[in-house]
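Presented below is the structure to which this report refers.
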Amino acid sequence: MAKEMIAMLLAGGQGSRLYALTQKLAKPAVPFGGKYRIIDFPLSNCVNSGIDTVGILTQYQPMVLNEYIGNGQPWDLDRLHGGVHVLPPYQQATGSDWYKGTANAIYQNISFIERYNPQYVIILSGDQICKQDYSDFLRFHKEKNAEFSVAVMEVPWDEASRFGLMVTDDNDKITEFQEKPKNPKSNLASMGIYIFNWDILKKYLEEDEADPNSANDFGNNIIPNLLKDGRNMYAYHFSGYWKDVGTISSLWEANMEVLDPENSGIDIFDENWKIYSRNSGMTGHRVSGDAVVENSMITDGCRINGSVKHSILFAGVKVEPGAQVEDAVVMGGSVIKAGAVVKHCIVAENVEIGENAIVGAMPSDGEKGVATVGPGVTVGDGAKIGPNAMVYEDVKGGEEKW
Amino acid sequence: MVNANANALGIIFPNSYDSLVPELVGERLMASIPFAGRYRMVDFILSSMVNCGIDNVSFVVRKNYHSLMDHLGSGREWDLTRKNGGLNIVPPFSEKTIKQYTGRVEALASILRFLQHQKEKYVVMADANIAVNFDFKAMLDAHIESGADVTIAYAREELPPAAMNDDVLNKELYYTLNIRNGRVEKIFVNSKEPGVQNFSMNIYIVNKDLLIQQISSAFVRGYMYYERDILASHLDELNVQAFRFDGYLARISDMKTYFDENMKLLDESNLDALFSPNPVYTKIRDDNPTRYIRGAKAKNIMVADGCVIEGEVENSILFRGVKVGKGAKVKNCVLMQDTVVEAGASVEYVISDKNVTITEGKEMKGTDTFPVYVAKHQVV
């Protein structure tokens with residue numbers, strides 16, 4: 001049975017700028033917002049938009065991601081025909097290749113797409129925090145009779161040169177594409193989310209593959225080729241919350257924005273657009289008689305005996321008596337021992353912060369660093385982690401890291 | 001069979017002791033009463049079975065089982081969506097000639113043919129009025145080793161006040177045991193003996209073939225109660241062994257105990273005891289994390305996901321999706337899922353059922369010994 005539109009989700013990104021957090025897992029698997037991983041956002045968007053077939057293209061450190069996606073049941077993507085499929089690079093009779101670029105990753109899975117014989121294919125990115133109705137995007141694509149559409153966001157003009165920009169006419173038709181230009185002619189930044197007519201996509205992927213000089217990339221190769229041929233290309237304006245959480249500071253910031261849905265625009269409390277995730281299955285969290293919890297988000301399994309202010313605590317985090325947590329993102333299973341001070345930082349999963357240790361610091365003049373402690377790290381009693389430090393190995397008691 | 005699986009099938013009687021908490025079972029049954037923040041009573045015994053390798057579990061339901069069906073679904077959360085075994089819900093046939101069962105004998109008689117066709121050698125039976133992390137494996141091992149016909153689990157407990165109330169005893173039966181050298185010598189029905197007793201947990205392990213034979217012959221004689229009519233009167237011929245349980249258990253025997261057993265979980269040693277060694281599974285709701293907005297105050301509480309807290313909450317259990325508005329005060333309460341306490345309202349010693357709304361500025365106050373109960377979907 002043919003599907004109207006299926007999704008291909010690019011989830012191979014290493015996320016090298018998140019370094020300590022992505023040593024052992026791909027960026028889309030990085031925990032976010034108290035009980036989610038980044039990839040929950042595009043996956044939930046798919047299901048909420050009525051897309052029931054998703055191919056997830058993985059490459060870098062796929063183990064955690066594979067296990068997390070499983071059969072897709074948490075997102076209601078365990079389907080008889082369709083559902084979610086993890087698509088790593090594989091060996092073929094003619095040889096085997098890593099995915100050379102974003103376009104090549106899709107090219108290598110043409111046979112997967114053809115099984116569903118879709119009219120449209122939406123290409124998604126697995127490393128953005130965004131709640132978006134892809135069905136509205138498709139409606140636009142059909143209305144414009146487009147062959148290719150790209151979702152764009154208006155960005156401030158002074159930042160425009162950091163993005164891939166779409167120059168459009170009054171009818172949103174794309175006339176020019178500028179990749180990180182010095183002199184931007186537009187402030188419409190590509191979000192890296194595309195809808196293609198499948199026949200067009202297939203044709204251009206095959207042509208691109210045949211070109212030995214191509215980097216096999218959507219932004220650098222496919223889109224310029226489409227433009228050159230004068231295809232019907234349109235820009236779909238998206239004005240909701242969108243964040244590429246590619247750096248420690250943007251990841252921290254996006255988490256903090258979740259705490260302030262009224263002003264930030266990222267509302268994960270919306271019953272009509274739920275974000276689904278694999279559940280921890282822990283009991284409700286406990287706040288003891290002596291604890292302080294202010295302006296924070298706390299998940300199942302947490303035990304709060306200390307002070308937690310303006311922070312996000314993932315499942316099963318323990319904050320012992322006298323410990324202080326402020327402006328912090330503390331991921332699942334981590335323990336903040338008695339008297340420790342954890343501020344303005346990201347503490348990854350299963351970390352132990354020893355007694356009276358200090359991690360990070362509230363911003364002061366010229367010092368806005370977000371300290372980061374990688375997964376599984378033990379920070380010894382009385383150790384000190386400076387506000388710009390990124391720690392991915394155990395820190396001995398009393399030691400200082402800057 | 002590989003060691004991971006127990007050679008036993010489970011049967012749960014989800015309606016047992018319904019009449020003890022008439023308020024809570026208005027639209028549900030004992031097994032689906034919300035408990036401990038994000039669970040239903042049945043989750044404990046069912047998870048215990050699954051964790052001990054029992055992967056063929058039948059529910060013999062009697063009435064009001066809509067909420068149970070909704071909760072259990074396909075059994076996926078308990079890993080019971082199986083081709084062989086898995087979850088099996090047996091509703092009563094709605095035919096004129098077959099009336100709803102009253103005792104366990106009739107209930108079991110309705111699934112005799114099913115039992116005959118199961119491959120497991122032993123049958124584990126339990127009610128859902130006790131929340132417990134129970135080691136069925138240890139009990140099964142003990143049952144096999146002792147060569148018993150039937151093994152009964154019991155706890156050293158005082159009988160609850162409800163067991164002293166004649167109105168209650170007209171409807172429900174409690175069993176206490178006389179034990180010598182591990183063997184049950186006498187089963188007392190509705191004893192009013194004071195002090196700590198060998199109080200049956202109504203968890204039984206029986207050899208399946210024996211059970212089938214017992215039920216077939218008891219059914220034709222018109223017997224109703226397994227314990228009273230089959231076990232108690234045959235203790236000299238049957239080898240009935242007792243299995244003592246010393247762990248943590250929460251037994252619901254009236255509204256007061258329902259309230260108290262919830263509150264006891266605010267003590268982390270109790271909470272840890274109930275939720276270890278094995279996990280307890282429940283239906284997933286995909287709630288967001290709980291949000292404490294500026295101005296919220298929290299003291300000695302247990303809160304599930306999906307809550308939004310803007311007011312003050314103290315000594316309370318909040319189930320999933322509870323909202324506490326600005327300036328609202330919640331003290332010594334058990335608020336079930338999706339209860340809304342609007343701005344400025346104040347509640348103390350209140351048990352609110354699902355989807356209750358306490359409107360702006362309202363005050364409600366029960367007492368330690370008599371918490372106020374607000375029924376499902378009520379707007380106060």
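The values are calculated or read from the model by the stated rules, or taken from the named source; none is laboratory data. Quick caveat: nothing in here was measured; it's all calculated off a predicted structure. Positions of Cβ are generated from backbone atoms using ideal geometry, with glycine treated the same way; all protein chains shown enter the neighbour counts. For accessibility, only protein heavy atoms count, side chains too; no ligands or nucleic acids. Shrake-Rupley method; radii C 1.70, N 1.55, O 1.52, S 1.80 Å.
Show that you can apply the helix-only estimate: for chain B, add -39,500 (n - 2.57) for every DSSP H stretch of four or more residues, divide by all residues, and state [θ] at 222 nm to the nearest 500. Before the final figure, lay out the partial values.
On the way: 9 runs with 74 residues, N = 380.
Computed mean residue ellipticity for chain B: -5500 deg cm²/dmol.
Let me spell out the model: positive unit charges on the Cβ of Lys and Arg, negative unit charges on the Cβ of Asp and Glu, origin at the Cα centre of chain B. What dipole size does that give, in debye rounded to 20? It would help to have the intermediate numbers written out before the result.
Working: 43 positive and 48 negative charges, 153 e Å.
My answer is approximately 740 debye.
Calculate the mean, over all residues of peptide A:297-304, of how many other protein chain Cβ atoms lie within 10 angstrom of the residue's Cβ.
Values: counts 6, 9, 6, 10, 2, 3, 3, 2.
Average per residue, whole number: 5.
What average number of partner chain Cβ atoms lie no more than 10 Å from the Cβ of the residues making up A:305-315? If you can, show how the numbers build up before the last one.
On the way: counts 1, 0, 0, 2, 2, 2, 1, 2, 2, 1, 2.
For this peptide, the per-residue mean of nearby foreign Cβ atoms is 1.
Relative to the first principal axis of the alpha-carbon coordinates of chain B, what is the inclination of helix B:255-264, with its axis defined by its Cα atoms, in degrees from 0 to 90 and to the nearest 10?
Helix B:255-264 sits at roughly 80 degrees to that axis.
Considering the options A:ILE385, A:TYR116, A:PHE163, tell which one lies farthest towards the positive end of the dipole of the protein assembly as shown, charges being +1 on Lys and Arg and -1 on Asp and Glu at the Cβ, about the Cα centre.
A:TYR116
Okay, which of the stretch A:168-184 sit inside 12 Å, backbone N to the point 7 Å along the Cα-Cβ direction of A:GLU143?
A:172
Provide the solvent-accessible area of A:ASP300, counting protein heavy atoms only and rolling a 1.4 Å probe, rounded to the nearest 10 Å².
0 Å²
Roughly how crowded by other chains is peptide B:258-266, in terms of the mean Cβ count from those chains within 10 Å of each of its Cβ atoms? Walk me through the intermediate numbers first.
Details: counts 0, 0, 0, 0, 0, 0, 0, 3, 4.
Rounded to a whole number, the mean comes out at 1.
Would you mind checking the tilt of helix B:41-51 against the longest principal axis of the Cα atoms of chain B, expressed as 0 to 90 degrees and rounded to 10?
Taking Cα atoms only, the helix is inclined about 50 degrees.
Run the quick spin-label model on A:VAL167 and B:PHE219: label points 7 Å from Cα toward the beta carbon, then report their separation in nm to one decimal.
Calculated label separation equals 8.4 nm.
Run the simple label-point estimate for B:GLU237 and B:ASN5 please: 7 Å along Cα→C-beta, distance reported in nm.
With each label placed 7 Å out from Cα toward Cβ, I get 3.4 nm.
Among DSSP beta bridges whose residues both lie in chain A, state the antiparallel percentage, nearest 5.
On the way: 25 of 83 bridges.
Roughly 30 percent of the beta bridges in chain A run antiparallel, per DSSP.
Charges at C-beta only: +1 for Lys and Arg, -1 for Asp and Glu. How large is the resulting dipole of the stretch A:143-182 about its Cα centre, in Debye rounded to 20? Before the final figure, lay out each step's value.
On the way: 5 positive and 10 negative charges, 43 e Å.
Once rounded to the nearest 20, the dipole reads 200 debye.
Evaluate E = 1/(1 + (r/R0)^6) for B:LEU210 and A:HIS81, where r is the Cβ-Cβ distance and R0 equals 51 Å; express this FRET efficiency to the nearest 0.05.
Values: r = 48 Å, r/R0 = 0.94.
Between B:LEU210 and A:HIS81 the formula returns 0.60.
Assuming R0 = 35 Å, can you tell me the calculated FRET efficiency for the pair A:LYS180 and A:ASN272, based on Cβ-Cβ distance, to the nearest 0.05? Before the final figure, lay out the partial values.
Numbers: r = 36 Å, r/R0 = 1.04.
About 0.45, to the nearest 0.05.
Can you tell me the orientation of helix A:198-210 relative to chain A, as the angle in degrees between its alpha-carbon axis and the longest Cα principal axis, to the nearest 10?
Roughly 90 degrees between the two axes.
Of the peptides B:313-324, A:351-362, how do they stack up when ordered by the mean number of other Cβ atoms within 10 Å, highest first? List each step's numbers first, then the result.
On the way: B:313-324: 25.0, A:351-362: 22.2.
Order by mean packing, descending: B:313-324, A:351-362.
If one takes the accessible area of chain A alone plus chain B alone and subtracts that of the pair, with a 1.4 Å probe, what total in Å², rounded to the nearest 100, results?
Values: alone 17390 and 16850 Å², together 31420 Å².
Adding both sides of the contact gives about 2800 Å².
Ordering B:PHE275, B:PHE370, B:PHE134 by accessible area with a probe of 1.4 Å, largest first, what comes out? Kindly include the intermediate steps, with their values, before the conclusion.
Numbers: B:PHE275 35, B:PHE370 155, B:PHE134 5 Å².
Most to least solvent-accessible, the answer reads B:PHE370, B:PHE275, B:PHE134.
Find how much the distance from B:ARG156 to B:LYS192 grows on full extension, using 0.36 nm per residue of separation minus their present alpha carbon separation; answer in nm with one decimal.
Details: separation 36, 0.36 × 36 = 12.96 nm, distance 1.51 nm.
Between B:ARG156 and B:LYS192, full extension yields an extra 11.5 nm.
Out of the GluC sites (Glu not before Pro) in the stretch B:24-131, which ones are loop residues according to DSSP with at most 11 other C-beta atoms within 10 Å? All intermediate terms of the calculation are to be shown ahead of the outcome.
Values: sites: B:GLU27, B:GLU77, B:GLU95, B:GLU106, B:GLU120; in loops: B:GLU27, B:GLU95, B:GLU120.
Loop-located and lightly packed - B:GLU95.
Got a sec? Charge dipole of the protein assembly as shown, +1 on Cβ for Lys and Arg, -1 for Asp and Glu; which of B:ASN15, A:GLY281, B:LEU173 is way out at the positive end?
Farthest along the dipole direction, towards plus: B:LEU173.
Pick out, in residue order, every one of the GluC sites (Glu not before Pro) in the stretch A:205-297 that is DSSP loop and has at most 14 other C-beta atoms within 10 Å; say none if there are none.
none
Using only the Cα atoms, work out Rg/Rh for the stretch A:165-216, with Rh taken as the Kirkwood radius, to two decimals. Walk me through the numbers on the way to the answer.
Numbers: Rg = 13.6 Å, Rh = 13.1 Å.
A ratio of 1.04.
So which of A:LYS274/B:LYS362; A:LYS35/B:LYS137; A:LYS309/A:LYS368 end up more than 25 Å apart, counting from Cα to Cα? Don't jump to the answer; show the numbers that get you there.
Numbers: A:LYS274/B:LYS362 32 Å; A:LYS35/B:LYS137 33 Å; A:LYS309/A:LYS368 18 Å.
Listed pairs above 25 Å: A:LYS274/B:LYS362; A:LYS35/B:LYS137.
To the nearest 0.05, what FRET efficiency results for A:TRP98 and A:SER264 with a Förster distance of 30 Å applied to their C-beta separation? Don't skip to the answer; put the middle values down first.
Values: r = 37 Å, r/R0 = 1.24.
Calculated transfer efficiency: 0.20.
Please give the contour-minus-distance gain from A:ALA338 to A:GLU114: 0.36 nm per residue of separation, less the Cα-Cα distance, rounded to one decimal in nm.
My answer for the length gained is 74.9 nm.
Once you sort the root eigenvalues of the Cα gyration tensor of chain A as a ≥ b ≥ c, which label holds: rounded (a/c under 1.5), prolate (a/b larger than b/c) or oblate (the other case)? Before the final figure, lay out the partial values.
Details: a/c = 1.98, a/b = 1.80, b/c = 1.10.
Prolate.
Rank A:VAL293, B:VAL380 by accessible area, highest first, at a 1.4 Å probe radius?
Values: A:VAL293 5, B:VAL380 45 Å².
These residues rank, largest area first, as B:VAL380, A:VAL293.
Over chain A, average the accessible area per residue using a 1.4 Å probe and give it in Å², no decimals.
40 Å²
Taking square-rooted eigenvalues a ≥ b ≥ c of the alpha carbon gyration tensor, is the protein assembly as shown rounded, prolate or oblate, where a/c under 1.5 means rounded and, failing that, a/b exceeding b/c means prolate? Intermediate results must be reported in sequence, preceding the final value.
Details: a/c = 2.22, a/b = 1.69, b/c = 1.32.
Prolate, because a/c is 1.5 or more and a/b exceeds b/c.
Answer rounded, prolate or oblate for the stretch B:291-374, using the Cα gyration tensor with square roots of eigenvalues a ≥ b ≥ c: rounded when a/c is under 1.5, else prolate when a/b is larger than b/c, else oblate. List each step's numbers first, then the result.
Details: a/c = 1.37, a/b = 1.28, b/c = 1.07.
Taking the square roots of the gyration eigenvalues as a ≥ b ≥ c, the stretch B:291-374 is rounded.
Would you rank A:MET153, B:MET125, A:MET390 by solvent-accessible area, highest first, keeping every protein chain in place and using a 1.4 Å probe? Write down the numbers at each step before the final one.
Details: A:MET153 30, B:MET125 0, A:MET390 65 Å².
So the residues, ranked largest to smallest area, are A:MET390, A:MET153, B:MET125.
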